[in-house]
Amino acid sequence: MKILHTADIHLRDHEDERWKAFCKLIEIGKEQNIDIFIVSGDLFNKDFDADNLRPKIRELFTNCGFKIVIIPGNHDSESYKSGFYFGEDAIIIDNLEAPYSNNEVSIWGLPFEPIEGEKILEKLRSLKDKFTKDKKNILLFHGELTDMFFSRKDFGEDEEGRYMPVKLSFFDDLNIDYVLAGHFHKNFDVMTLKNGGYFVYPGSPISITRRETGQRKVNIFELGEAPKDFLLDTPYFEDITIELDPFSYSEPIEIIKEELDGISANAKVILTVTGYINSDNIDRNETEFREDILKISEGKTVVSNIEFKDIKTIVEDDLFKSYIDKLEKRNYDEVKKKQLQEVAIDAMRKAIL
């Protein structure tokens, strides 16, 4: 049995980037011959988005060739409570006591609700005798794993509260093979349970905010085997930071161009250019060089943080030249030399200015 696991797509509009990315996931499911497609919460960005998109979702979730199992997340916690129809292949698990089962697996759902600590632990312990050994047991969960280092920014926008925090130890002594989770947007993360099972965050399958950088992934695995990340061809944000070296013989604009040319067409680049230039060496002043950066990055970047400085007057100073000459004669490694160069540049800028 093959399973695709994702979460946190935050659908808002029909035919926007998120919708198209989710449609790609359905197609991947068909290409990979999966049996079950799991969404561990926040399929929709808001409850009214679920209401607006339900007619289109019905079309998407009918005759897929696999079951689509969904639990509510904190963004769409009310979307499924009225028994609305989401499609022939859709299975909504909004009750911890009502799993989806077949001959090989039982899939339980711990949907989002505003509870913490002991109350969550009590719910899990109530299932102890129900997780049988004759099938693989999967628990769907939407919330925070506190064993991981995280910040509020890992959950997307406007996430200030606590969302069903759990520890890995909560799953000790339970016959759970997989906890397939949602709510952490940034990365694909896998942790091992005490019993040898797995706790998995797949990350968002499309960058929801600029914090979710890097090519996105989903979890596709064979039941009984380890989770496995599957790279997606969906839009994502990519941070590129370039620190210019005024003592390098390389043409700085070519360095920036090479970095941008190596990025996927799906990447929305957040470009930051720091460091220093010597305008005499590159035959362009700050304004001209900035215009060159904007020209070569046009259409490739969503944000350009251009923070470099021209230090022509510093590098031409006799005292600075003497310092650099002595520095070159020392047996420092390149990292140490760069640090000492920056210290000298900072000191000279303060002295001159």
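Observations, loosely collected:
- Checking each residue in segment 30-52 for being assigned to a helix (DSSP H, G or I) and within 24 Å of the chain's Cα centre (by Cα) picks out LYS30, GLU31, ASP47, ASP49, ALA50.
- Any pair with Cβ under 7 angstrom, 6 or more apart, that starts in segment 37-57 at a residue that is in contact (Cβ under 8 Å) with a residue 24 or more places away in the chain and closer than 12 Å to PHE84 by Cα and ends at one that is assigned to a loop (DSSP other than H, G, I, E, B) and hydrophobic (A, V, I, L, M, F, W, C): ARG54/PHE84; ARG54/PHE86; ILE57/PHE86
- When segment 188-219 is filtered for residues that are over 9 Å from the mean Cα position of the chain (by Cα), surrounded by fewer than 21 Cβ atoms within 10 Å (Cβ to Cβ) and not in a loop (DSSP other than H, G, I, E, B), the ones remaining, listed by number, are ASP189, VAL190, MET191, THR192, TYR198.
- Residues that are in a helix (DSSP H, G or I) and among the acidic types (Asp, Glu), drawn from segment 1-27: GLU17, GLU27
- Of all residues making up segment 51-106, the number that are among the basic types (Lys, Arg) and in contact with a strand residue (DSSP E or B) (Cβ under 9 Å, 6 or more places away or on another chain): 2
- All positions within segment 230-245 that are without any contact (Cβ under 8 Å) to a residue 60 or more places away in the chain and either out of contact with any Gly (no Cβ under 9 Å at 6 or more places or on another chain) or of a type in the set (Ser, Thr, Tyr) (or both): LEU231, TYR236, ILE240, THR241
- Looking across ASP261, ASP317, ASP310, one residue alone is of a type in the set (Asp, Glu), outside the structural domain of PRO202 (by TED's automatic domain parsing) and in contact with a strand residue (DSSP E or B) (Cβ under 8 Å, 6 or more places away or on another chain). It is ASP310.
- Hits in segment 10-24 (condition: closer than 10 Å to LEU43 by Cα and either surrounded by fewer than 16 Cβ atoms within 10 Å (Cβ to Cβ) or touching a Ser or Thr at 6+ places or on another chain (Cβ under 8 Å) (or both)): HIS10
- The lone exception for LYS56 - which of (1) part of a loop (DSSP other than H, G, I, E, B); (2) surrounded by fewer than 18 Cβ atoms within 10 Å (Cβ to Cβ) it fails: (1)
- Test: LYS326 is in the same structural domain as GLY262 (by TED's automatic domain parsing), over 20 Å from TYR249 (Cβ atoms) and either in contact with a Lys or Arg (Cβ under 6 Å, 6 or more places away or on another chain) or surrounded by fewer than 15 Cβ atoms within 10 Å (Cβ to Cβ) (or both): yes
- Of all residues in segment 195-229, those satisfying the criterion of being free of Cβ contacts under 8 Å to residues at least 60 places away in the same chain and in contact with a Lys or Arg (Cβ under 7 Å, 6 or more places away or on another chain) are ARG211, GLU212, ASP229.
- Residue list for segment 179-189, filter: free of Cβ contacts under 8 Å to residues at least 40 places away in the same chain and under 13 Å from PHE230 (Cα atoms): ASN187
- Screening GLU88, GLU17, GLU27 for residues that are of a type in the set (Asp, Glu), in the same structural domain as LYS135 (by TED's automatic domain parsing) and more than 22 Å from the chain's Cα centre (by Cα) leaves exactly one candidate, GLU88.
- Scan of segment 241-274 for residues that are of a type in the set (A, V, I, L, M, F, W, C) and within 16 Å of the chain's Cα centre (by Cα), ordered by number: ALA267, VAL269, ILE270
- Failed item in (1) of a type outside the set (S, T, N, Q); (2) touching a strand residue (DSSP E or B) at 6+ places or on another chain (Cβ under 7 Å); (3) within 13 Å of ILE9 (Cβ to Cβ), with HIS185 passing the rest: (2)
The values are calculated or read from the model by the stated rules, or taken from the named source; none is laboratory data. Only a predicted model underlies this, so the values are computations on that prediction, with no experimental measurement involved. No Cβ is skipped: glycine too gets one built from the backbone with ideal geometry, and neighbour counts run over all protein chains shown.
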